[in-house]
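Here is the structure we will look at, set down as structure tokens.
The values are calculated or read from the model by the stated rules, or taken from the named source; none is laboratory data. Only a predicted model underlies this, so the values are computations on that prediction, with no experimental measurement involved. Heads up, the Cβs are rebuilt from the backbone with ideal geometry, glycines too, and the neighbour counts pull from every protein chain shown.
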């Protein structure tokens, strides 16, 4: 039997209502816990007001909701199907010749549409808000003064130590030899007055030092002087350059591939950014898969019993999938498994689990 448009709209309406209920409850819980954590961090910082804490929590909120959106879709599906099952609407629909897959199709498409809306419209806004949050967090909570940025001209690093500011520009880093090429260093004092400019053909990081070769040193009102080698104290190293880049969450889905290209051209590893791009794409599909998983946990009729057990199973599976996703992400970041596999395997496992359970329940 063909699914009527009226019944499809009814299913979509019920799912959206459940989705908003779960979303609001989840947002309130996250806001509460995140504010508590920020207040704990700010307890020893008298210059941080409660208003600033609320602002930081608000800026971080869209990103946190995006991260758990598949589980919001799962619990929304569980709530929606539980209500339909409670009033025997699913039994009536199946008795009239409508298959479970026909019932699932409009709800699954709705979840996928929500995921697409997030990817196209919400993610760019959330990434900008996350970037603003990082700036506030670094300034007020972490006292982090060093910064790194990537552009088409190369890598820019700002370092502050012993009352002196060093701004490094590195054209490229060789991943194999760890050599830096075409280095320019601008040094200024704590009053932001220019001290000297250093140009070097190449250099390497060693323990608390950067060693430069074929160096030109330019001082104010003096002729540049050539020096064969120069060693300078620094807190930077190759690992810190890899780790101190922008948080992948602060770059929108639409700009991530361009950033990956910039990193490749500069000689830095783009692994975590490429993984994040695939993770965002996989998350869109995961929302639809979670509807199938929710149905497999709640489609069992009340009269057959065991409904509470299936519902509990759904909750347990959700938490297991959450940790499984983190493990897969860690393996992908460390290059233990390919990044595409790390990003898509949670979605694939969820799909196999949901379809298998549903086939077992419906077709015996």
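Per-residue answers, yes or no, for (1) more than 36 Å from the chain's Cα centre (by Cα); (2) in contact (Cβ under 8 Å) with a residue 12 or more places away in the chain; (3) closer than 30 Å to residue 105 by Cβ:
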| residue | (1), (2), (3) |
| --- | --- |
| 209 | no, yes, no |
| 213 | yes, yes, no |
| 222 | yes, no, no |
| 242 | no, yes, no |
| 249 | no, yes, no |
| 270 | no, no, no |
| 284 | no, yes, yes |
| 291 | no, yes, yes |
Review point. So which of 38, 24 is part of a helix (DSSP H, G or I) and modelled with pLDDT of 95 or more?
Key: 24
Point to revise | Residues of region 6-16 that turn out to be farther than 16 Å from residue 90 by Cα and without any contact (Cβ under 8 Å) to a residue 24 or more places away in the chain, as a count | key: 0
Point to revise | Single condition residue 257 does not satisfy, out of (1) closer than 30 Å to residue 178 by Cα; (2) in contact (Cβ under 8 Å) with a residue 12 or more places away in the chain; (3) touching a strand residue (DSSP E or B) at 6+ places or on another chain (Cβ under 7 Å); (4) surrounded by fewer than 16 Cβ atoms within 10 Å (Cβ to Cβ) | key: (3)
Check your understanding: Can you find even one residue in region 77-87 that is surrounded by fewer than 15 Cβ atoms within 10 Å (Cβ to Cβ), assigned to a helix (DSSP H, G or I) and either in contact with a strand residue (DSSP E or B) (Cβ under 8 Å, 6 or more places away or on another chain) or modelled with pLDDT under 90 (or both)?
Key -> yes
Practice item. Examine region 9-27 for a residue that is surrounded by fewer than 17 Cβ atoms within 10 Å (Cβ to Cβ) and either more than 23 Å from residue 288 (Cα to Cα) or not assigned by TED's automatic domain parsing to the domain that holds residue 278 (or both), and state whether such a residue exists. Key: no
Practice item. May I ask you to list the residues in region 341-354 that are touching a helix residue (DSSP H, G or I) at 6+ places or on another chain (Cβ under 6 Å) and either surrounded by fewer than 17 Cβ atoms within 10 Å (Cβ to Cβ) or more than 17 Å from residue 291 (Cβ to Cβ) (or both)? Key: 342, 343, 344, 345
Check your understanding: Out of all the residues in region 110-129, is one or more surrounded by fewer than 18 Cβ atoms within 10 Å (Cβ to Cβ), in contact with a strand residue (DSSP E or B) (Cβ under 7 Å, 6 or more places away or on another chain), at negative phi and in contact (Cβ under 8 Å) with a residue 12 or more places away in the chain?
Key -> no
**Study point:** Residue satisfying all of: in region 267-324; closer than 16 Å to residue 362 by Cβ and modelled with pLDDT of 85 or more; surrounded by the fewest Cβ atoms within 10 Å (Cβ to Cβ) among these
**Key:** 292
**Study point:** Test result for residue 166, modelled with pLDDT of 90 or more, closer than 30 Å to residue 211 by Cβ and either in the same structural domain as residue 190 (by TED's automatic domain parsing) or not in a helix (DSSP H, G or I) (or both)
**Key:** yes
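A quick yes/no check of all residues on (1) in a strand (DSSP E or B); (2) outside the structural domain of residue 68 (by TED's automatic domain parsing); (3) in contact with a helix residue (DSSP H, G or I) (Cβ under 9 Å, 6 or more places away or on another chain); (4) under 23 Å from residue 137 (Cα atoms):
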| site | (1), (2), (3), (4) |
| --- | --- |
| 211 | yes, yes, no, no |
| 215 | yes, yes, no, no |
| 230 | yes, yes, no, no |
| 254 | no, yes, yes, no |
| 258 | no, yes, no, no |
| 262 | no, yes, no, no |
Point to revise | All positions within region 26-52 that are more than 26 Å from residue 68 (Cβ to Cβ) and touching a residue at least 60 places away in the same chain (Cβ under 8 Å) | key: 45, 47, 48
